[in-house]
Structure formats: C-alpha cells, structure tokens
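Please read the structure below before turning to the comments.
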Amino acid sequence: MNFEVEYTPEQEAFRKEVQSFLKVNVPAGLVTTAAVEAITHEQYLMQRELGRKLGGKGWLFPTYPKEYGGGGLNLDQTIILEEEMDQYGLSLPPYYNSGGNLGAPSILVWGTDGQKRQFLPPIFKGEVRVWQLLTEPGAGSDLASVKTTALRDGDDYVLSGQKIFVGSNHEVDWLWTLAVTDPNAPRHENLSWFMLDASLPGITIQPLDLLTAGGEGGAGSGVKNSVFFDDVRAPASALVGGENNGWKVATTHLELEHGGGGHIGRNRLWERLLHYCMTHELDGRPMTKDQDIRDLLMDIYIDIEIGRLFGVRNYFLTHAKKARSYEGPQSSMWRKSGNLRIAGFIQKILGYLALTTDPAHVVEEGHIELHQRSAIVGLHPGGTVEVQKLIMARRIGIGRTVREEAGRLA
Ligand SMILES: Cc1cc2nc3c(=O)[nH]c(=O)nc-3n(C[C@H](O)[C@H](O)[C@H](O)COP(=O)(O)OP(=O)(O)OC[C@H]3O[C@@H](n4cnc5c(N)ncnc54)[C@H](O)[C@@H]3O)c2cc1C
C-alpha cells in the first residue's frame, strides 16, 4: 500500500498559483526570525494587509461558504494553502484572530441568515479581527460560572462585568463573549452569546504582560488583556443563537478550541533545535554525535511527530466534516503535556543556554528560550491538560454510563 500523498496536476497548478501570489504579497519585513520581541505595530499592519489580500481571493477562510465571503474551496486546496503559508512561518489568518476562527463557525451553526450576512463576510475577507472573551477572574475551567451580566433593556442588552487573559496586542474590531442573561435560571440555561463592536462606549481593554511576552498568537501569545464592561449597551441583534441558549452555542467553538480543529505545518522548534545541535560542538565534535543528546533528540522528535499526526488527523476530520469524539482533547492534551516534556529534554541538552536571553549566548534567536516559557503558560489556554483529560475520559466512556458527545460543528 502506498501511503505517500500524491497531488493531481490541477492541485499542483493551484500550488503554483498560491506560491506566486505569496511571493509577491508577503512583505519581507513581515517574516521575523527573532522570538524575543513582540511583533511591531508596523508588522501587525502588514499582517492585516496580507489578510485582506488573501480574503479578497477567498483564501483567508478557504473552506467557508462563498455566499458569506469564504472561499468555497475543498480540503486539498486548503491544505495546499496552509502548507504554502507555513513556508513563511505564517498560518491562516496571518494574524491573531481567535475570535474569528472560533466565532465564525459558531455563527454558521447558530446565527440567523441576517447575522451570517452581517458578521461573516467582514471576518472572512479580513476586514475585521476578532477576540474571544470567555475567561473571568472566577470562571476559567468552570466556564459556565461566568458572572458578567447582559440584561435586556428595551432594544438593547446592557453588559457589566470583567473578562481576563483575553485577546492579544494591537487593535481589535469585534469581541464576542458569553454573559448571564437570566440570573435566576439554572446553570447552563442562563447564558447568551454576543458579538460586539469593540468600540462601544463602556468597553475598556487593559493589557497584562504574561510570561510569554514574545510573538503574537499561538503558544507565544504573551500579551493578554483584562476587558471591562461598564454598562455597555449592545443592540439585541448582537445576541447569537437565542436568549439563554449561549452554552449550546459555546459547545461549537469549545470543540474547536479543545483541539478539534487540528493544524497543518512544520514544527520549527524541532528544525531550530536540530540545526543548533548539528552546527555546534560538544567536546570537539558535533552535538548530534553525542549518544545522550541523540537519545534526547529522538524523544523530542517522537513527541513532536505524534502531535503533528494528531493535528493533521483533526484538521482532516474538521474540514471533511467527519464525526469525532475524543480526538480534539487527545490532540490538545498531547501537545500541551508534550511541550512541557520537550522543555525538560531541551534543558538536559543545552543546560543554562536553554534559559538565557543574553545576546552573547542566546540560542536560535530566542526561540528555544521562548519555548521554555511558552511550555508552562501554554498548559492553560483552550482547556488545561487536566480538563482535556477529563473531557477525553468522558467521551471514551470512562466513569459514565452514556458517552459524552462532541460539540456540534458546521
Ligand atoms: C496564554 C493564555 C491565553 C489565553 N487566551 C484566552 C483567550 O483568548 N480568551 C479567553 O477567554 N481565555 C483565555 N485564556 C484563559 C484560559 O482559557 C484559562 O486560563 C483556562 O481556561 C483555565 O482557567 P484558570 O486560569 O481560571 O484556571 P482554573 O480553572 O482556576 O484552574 C486551576 C488549576 O486547576 C485545575 N482544574 C480545574 N478544574 C479541574 C477539574 N475539574 N479537574 C481537575 N483539575 C482541574 C486546572 O487544570 C488548573 O491546573 C488564556 C490563558 C492563557 C494562559
């Protein structure tokens, strides 16, 4: 049996078209190699500009329906797009847009046709970027305990409360959130899901600096924020999926965030580490000739390769619209716990060099040191390791008479 992926002539022609487009439209200043600094505002604007150009061709959200501004492309074309973006160290979208990636599928499943026409095209065309605002000081893993309220007043809802650890740096256009619309209703039946204009009066965004203050997005999304709602008036049309039905709406994006969406792309940490070990010496010979280092590098490779395969499988399941159960949390749990294991292996290989940002000694432009911090912070976003384990166990059927089902996806 031949397991090699073979592309048809049409797919190869599409790849060439994507390559030519990216060659012209990815500015040199956008692709940075250093990890120690957060991206500049100028680079952020370049990311957005590239996003709009990709969006204009339907390549920003390639599989989403054309009628709402998506590309209407198939899975193979989407994988080609992701692979070619990855050549530049970028993914789709090329900027932090957790709210768009996770909010758009929720709107597709739960929104009215009018809401789909209002909210989806600007996201799919790269005209807006969106943050997701779920976590609160008293509601992280136990998300259903959120306390922010959104109480109906005439044609509006009035929002009051605080979110924490959300978003990224630079500007944001829209925010979506989960808030209590019926303080007297039982748990899970008291919440609603809102898409908000970030410039509404009463919204204050206050940056927090975390341990991973390098890069933007992904594990390195170091700049997070508190967002305060002080009597924010939002139109009733901002409520998606029905009043007090917000928990069900949330199951769609939580499924994706818990690893169900999958990912495509090379592991640059591995490439950088291998490059370093091949080009530096220990006791007068390349580090890769040392028996113990080779052993540790293989442990790292196996961890990374298993994570890559889980990611590709979940990407396929999502975009081919296949049923799934435990696969999302399985992938997320492996990636998070694996990153921490890998951080330990790297310390054994590099010693103090794994931890320094001293320009005279820093390894691979700060990426190795950033991984040490990201591996710790990265245990939390999108469901902690313990929470992923719990969800996986429920879906396998451990400790339950009925297996829990995966959230509904578009
Ligand atoms: C870098 C970063 C980015 C983030 N981005 C966003 C974002 O964009 N939007 C957003 O809304 N939120 C975001 N978050 C918040 C994130 O979702 C929460 O940190 C996460 O849900 C955990 O909540 P918590 O921090 O309150 O920890 P807690 O829920 O208080 O957990 C504390 C500890 O208890 C454990 N625990 C909790 N419940 C259980 C249980 N039932 N069984 C076993 N162990 C349990 C946890 O695993 C953890 O170790 C981000 C966080 C970080 C660190």
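The values are calculated or read from the model by the stated rules, or taken from the named source; none is laboratory data. Small disclaimer: the values here were computed from a predicted structure and weren't measured. Positions of Cβ are backbone-derived with ideal geometry, glycine not excepted, and every protein chain shown enters the neighbour counts. Surface areas here come from the heavy atoms of the whole protein model, side chains and all, with no ligands, DNA or RNA. Shrake-Rupley method; radii C 1.70, N 1.55, O 1.52, S 1.80 Å.
Some notes on this structure:
- Grouping the Cα pair distances of the chain into 20 Å bins from zero gives a pair-distance distribution of 25, 58, 16, 1 percent in increasing distance order.
- Ranking G307, Q43, N339 by Cα position along the charge dipole of the chain, where only Lys, Arg, Asp and Glu carry charges on their C-beta atoms, puts G307 farthest toward the positive end.
- Expressed as a whole percent, the proportion of Cα-Cα pairs in region 306-371 lying more than 14 Å apart is 65%.
- Dipole in debye (nearest 20) - the chain, about Cα centre, beta carbon charges: Lys, Arg +1; Asp, Glu -1: 820 debye
- 10 °C / 1.306 mPa s Stokes-Einstein diffusion coefficient of region 248-330, Kirkwood radius on C-alpha pairs, µm²/s: 107 µm²/s
- The alpha-carbon atoms of region 130-244 define a convex hull whose volume equals 100 cubic angstrom per residue.
- Projecting the Cα atoms of T181, I164, G100 onto the charge dipole of region 90-238, computed from C-beta unit charges around the Cα centre, puts G100 farthest toward the positive end.
- Inter-part distance where region 287-363 and region 30-108 are each reduced to a Cα centre, Å: 24 Å
- Each principal axis of region 319-410 carries a Cα extent, and these read 57, 30, 18 Å when sorted largest first.
- For the chain, the residue among A238, P207, W270 whose Cα projects farthest onto the positive side of the dipole built from Cβ charges is A238.
- Set K66/K248; K163/K322; K53/K322 screened for pairs whose C-alpha atoms are more than 32 Å apart: K163/K322
- Per residue, the convex hull volume that the Cα atoms of region 69-188 enclose (Å³): 152 Å³
- Going by accessible surface with a 1.4 Å probe and the largest first, F228, F61 read F228, F61.
- Here the translational diffusion coefficient of region 261-396 follows from Stokes-Einstein with Rh set to the Kirkwood radius across Cα pairs; for 10 °C and 1.306 mPa s it amounts to 98 µm²/s.
- Computed over region 9-95, the quotient of the alpha carbon radius of gyration and 2.2 N^0.38 Å is 1.11.
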